[in-house]
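Visitor: One structure follows; several queries about it will come next.
The values are calculated or read from the model by the stated rules, or taken from the named source; none is laboratory data. Bear in mind that the values here come from a model prediction, so they are computed numbers and not experimental data. Here the Cβ is made from the backbone with ideal geometry for all residues, glycine too, and neighbour counts use every protein chain on show.
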Ligand SMILES: C[S@@+](CC[C@H](N)C(=O)[O-])C[C@H]1O[C@@H](n2cnc3c(N)ncnc32)[C@H](O)[C@@H]1O
């Protein structure tokens, strides 16, 4: 009994820590287009393969169609964002970027993504978000009387929320216009992206992106990510990262030849990230945020870590 419990614990640790020891039984050939895998690879190619995790409609299946609040926001703290200049690396279609801006009233937040289509989606999401809020505001004004309750959840509780908007509901609780606060830009963070006018940020967010950078650019890409984040942060700034577990890498290792090759050679596991960020990159301290989020929602029970420069 005790023994099997011990084994389970070790396996969990291994899943996070030691990529080399946790390879699946059958290793795939380096070039998946050759040999007996050719047919299945051809089929995969016909489907849209999100080699960077640049899924279309990512939030459609993660959150729901109606732009409910992302559950990860529930564990994030206002002081990380309020009045701050923020950067969201790998913003996809911008839902969490916009929700952070609205819920916590950032001074500014820039979402960047390697995929130009996702950046266009994000701009569209922002317009839709503002439109929807305005409509709700108008509806509320015609029906509301003495609304007193003002919850923090700006999307799921949008009926109550919209009543706190002034004339236009593209504003946040701080009265700022979302269009002035939120922007999106295409860029590969680990290769060619540089911050506009060498701006530094108070807060940098990187949620469910490390695996994709790791698979596409290997251990070097990951270290570039961490050191670039460090350089872009103001002293005292915070880096919020949600790494995917090592076990989830194997599912995506065939998305491209580069990913297949990098997967074979990765030596740093997600369980090593904390040590690297503290001991090698130079962050002062870390806080583990225990999401205790609904297990029903795919991917929402991953640990989130906050590192202070
Ligand atoms: C799985 S999605 C996560 C979206 C969002 N951060 C979240 O957690 O809701 C990963 C996103 O990272 C982007 N991405 C991957 N590599 C990137 C890179 N090197 N630079 C910028 N964006 C990248 C992908 O295009 C994709 O939209």
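Visitor: Out of curiosity, is residue 214 surrounded by 19 or more Cβ atoms within 10 Å (Cβ to Cβ) and more than 13 Å from the ligand (Cβ to nearest atom)?
Guide: Taking the combined requirement at face value, the residue does not satisfy it.
Visitor: For the range 186-199, give me each residue that is surrounded by fewer than 14 Cβ atoms within 10 Å (Cβ to Cβ) and either away from the ligand (no atom under 12 Å from the Cβ) or farther than 16 Å from residue 52 by Cα (or both). Step through it out loud before you land on a result.
Guide: At the first step, the residues of the range 186-199 found to be surrounded by fewer than 14 Cβ atoms within 10 Å (Cβ to Cβ) are 191-192, 194, 196-199.
Scanning the range 186-199 gives 194, 196, 197, 198, 199.
Visitor: Same structure again: How many of the residues making up the range 264-284 are touching a residue at least 60 places away in the same chain (Cβ under 8 Å) and in a helix (DSSP H, G or I)?
Guide: Number of matching residues: 5.
Visitor: Oh, and also: How about the range 78-90: which of its residues are over 16 Å from the mean Cα position of the chain (by Cα) and in a loop (DSSP other than H, G, I, E, B)?
Guide: First, pick out the residues of the range 78-90 that are over 16 Å from the mean Cα position of the chain (by Cα): 78-79, 82-85.
Across the range 78-90, the qualifying residues are 82, 83, 84.
Visitor: Taking residue 100, is it modelled with pLDDT of 95 or more, surrounded by 19 or more Cβ atoms within 10 Å (Cβ to Cβ), under 14 Å from residue 129 (Cα atoms) and within 11 Å of the ligand (Cβ to nearest atom)?
Guide: Yes.
Visitor: Test residue 72 against the stated conditions and say whether it is within 12 Å of the ligand (Cβ to nearest atom), farther than 15 Å from residue 205 by Cβ and in contact with a helix residue (DSSP H, G or I) (Cβ under 8 Å, 6 or more places away or on another chain).
Guide: no
Visitor: Further, regarding this structure: So residue 155 ticks every box in (1) under 20 Å from residue 69 (Cβ atoms); (2) within 16 Å of the ligand (Cβ to nearest atom); (3) at pLDDT 90 or above but one. Which box is left unticked?
Guide: (3)
Visitor: Could you look through the range 108-123, keep only residues that are touching a residue at least 12 places away in the same chain (Cβ under 8 Å) and either over 24 Å from residue 208 (Cα atoms) or in a helix (DSSP H, G or I) (or both), and pick out the one that is nearest to the ligand (Cβ to nearest atom)?
Guide: 118
Visitor: Just checking, does the range 200-214 include any residue being within 21 Å of residue 53 (Cα to Cα), in a strand (DSSP E or B) and touching a helix residue (DSSP H, G or I) at 6+ places or on another chain (Cβ under 6 Å)? Full working, then the answer.
Guide: Initial filter on the range 200-214 (within 21 Å of residue 53 (Cα to Cα)): 204-214.
Narrowing further to those that are in a strand (DSSP E or B): 204-207.
Now drop any that are not touching a helix residue (DSSP H, G or I) at 6+ places or on another chain (Cβ under 6 Å), which leaves 204.
Within the range 200-214 (the criterion being within 21 Å of residue 53 (Cα to Cα), in a strand (DSSP E or B) and touching a helix residue (DSSP H, G or I) at 6+ places or on another chain (Cβ under 6 Å)), the answer is yes, since at least one residue qualifies.
Visitor: So which residues in the range 217-244 are outside any helix (DSSP H, G or I) and either within 13 Å of the ligand (Cβ to nearest atom) or surrounded by 16 or more Cβ atoms within 10 Å (Cβ to Cβ) (or both)?
Guide: Result: 233, 237, 238, 239, 240, 241, 242, 243, 244.
Visitor: Looking at this structure, is residue 49 within 16 Å of the ligand (Cβ to nearest atom), out of contact with any helix residue (DSSP H, G or I) (no Cβ under 7 Å at 6 or more places or on another chain), at pLDDT 55 or above and in a loop (DSSP other than H, G, I, E, B)?
Guide: It is true that residue 49 is within 16 Å of the ligand (Cβ to nearest atom), out of contact with any helix residue (DSSP H, G or I) (no Cβ under 7 Å at 6 or more places or on another chain), at pLDDT 55 or above and in a loop (DSSP other than H, G, I, E, B).
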